[in-house]
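**Q** Shown below is the structure under consideration.
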Amino acid sequence: MSTDATIAEICIAACADTYRDSGEVLAHAVGIIPALGARLAALTSAPDLVLSDGEALFLDGPPMPGAPDQQTAHVEGWAPFRRIFDIVATGRRQSMMGASQIDRFGNQNISLIGDWKKPTRQLIGVRGVPGNSVNHRVDYWVSRHSARIFVESVDMVSGVGNDRARAAGLEFHDLGVIITNLAVLDYAEDGAVKVRSIHPGVDPQQVVDATGFAIDVADAPLTRIPDAEELRLIRDVLDPRGTRTREVAD
């Protein structure tokens, strides 16, 4: 098996790392790569992580379509939709969501583009993002890092950013990282987005050019490469069909 990791595999490992110190919380992962990251974490660094079928059933482990014995996850709990609100409100959940826009303080938009009174594009609405972003840790996944997504100011706030959270005194607001196909971003002491690492093979100038606000890439380290066991789990156990390439092509 080749140990040369693709960008998709590097992103999966970075997603898994977000759960390393999370303990027993419910993983909420939107997207192929975030879902694979949560499943990888459950098999490696975060064995207490709670996984679900995406609806109401809690599972005893991740689906493993490539396991030699065709191992399948077994149901070990049930949480109807009304119970999810209790889990969110008590901080026993961790979300990795997408974004149509993110600004320099981590405010996120999935609702609309343009003036909210007469938007040029209607998106899916705020959905559960406000509640997520004020009650428990939230990370973001962006499969195509671009200046259309990373903007100076979002057109509408769906997920609460660091500036607004501090102004409102939100005690449980917790933005983690933003993982993209170019880099891993986090937040400076003033709450502004900064570069944590740049993926191997990515020119730092690409990150600057693809970000719609000023961002410093000087001395940014490389994002870690998944080890041999993580690559085996990704390729042979969790995603033998290569669905990860639908979000980040090899």
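The values are calculated or read from the model by the stated rules, or taken from the named source; none is laboratory data. What you see is a predicted model; the values in this text were computed from it and never measured. Here the Cβ positions follow ideal geometry from the backbone for every residue, glycine too, while neighbour counts run over all protein chains shown. Note: areas computed on protein heavy atoms with side chains; ligands, DNA, RNA excluded. Shrake-Rupley method; radii C 1.70, N 1.55, O 1.52, S 1.80 Å.
**Q** With +1 assigned to the C-beta of every Lys and Arg and -1 to the C-beta of every Asp and Glu, and no other charges, what is the dipole magnitude of the chain about the Cα centre in debye, to the nearest 20?
**A** 900
**Q** Just subtract the alpha-carbon distance of residue 117 and residue 188 from 0.36 nm times their residue separation and send over the number in nm, one decimal.
**A** Roughly 22.3 nm would be gained on extension.
**Q** Over the chain, what portion of Cα pair distances is larger than 31 Å, expressed as a whole percent?
**A** Pairs farther apart than 31 Å: 23 percent.
**Q** What is the set of long-range amide H partners of residue 154 at a cut-off below 5 Å, with H atoms built 1.01 Å from backbone N?
**A** Long-range HN contacts for residue 154: 103.
**Q** Among 173-186, 205-218, how do they line up by average Cβ neighbours within 10 Å per residue, starting with the highest?
**A** 173-186, 205-218
**Q** Residue by residue, what Karplus-based ³J(HN,Hα) values in Hz, rounded to whole numbers, does region 102-118 have, using 6.51, -1.76 and 1.60 with θ = phi - 60° and x for Gly and Pro?
**A** Values, residue by residue: 9, 9, 5, 10, x, 5, 10, 10, 10, 9, 7, 10, x, 5, 5, 6, 8 Hz.
**Q** Here is a further query. Pop a pseudo-label 7 angstrom from the Cα along the beta-carbon direction at both residue 203 and residue 83 and give the gap in nm to one decimal.
**A** Roughly 5.2 nm, to one decimal.
**Q** Given a Förster radius of 41 Å and the C-beta distance between residue 92 and residue 246 as r, what FRET efficiency does 1/(1 + (r/R0)^6) yield to the nearest 0.05?
**A** 0.85
**Q** Please give me the summed charge of the neighbours of residue 229: other residues whose Cβ is under 13 Å from its Cβ, Lys and Arg +1, Asp and Glu -1.
**A** Every neighbour counted, the sum reads -2.
**Q** Place a +1 charge on the Cβ of each Lys and Arg in region 70-185 and a -1 charge on the Cβ of each Asp and Glu, then give the dipole magnitude about the Cα centre in debye, rounded to the nearest 20.
**A** Result for region 70-185 is approximately 260 debye, rounded to the nearest 20.
**Q** Could you let me know the centre-to-centre spacing of region 130-145 and region 156-227, using Cα atoms, in angstrom?
**A** So the two Cα centres are separated by 12 Å.
**Q** Looking at the chain, identify the longest residue range that excludes and avoids all GluC sites (Glu not before Pro) in DSSP loops having at most 16 other Cβ atoms within 10 Å.
**A** The answer is 56-151.
**Q** Using the per-residue mean of other Cβ atoms lying within 10 Å as a proxy for protection, in what order, highest first, do the peptides 161-168, 93-100 fall?
**A** Final packing ranking: 93-100, 161-168.
**Q** Quick one: with all protein chains in place, what share of the accessible area of region 54-212 is carbon or sulfur, to the nearest percent (1.4 Å probe)?
**A** Result for region 54-212: 51 percent of the exposed heavy-atom area is carbon or sulfur.
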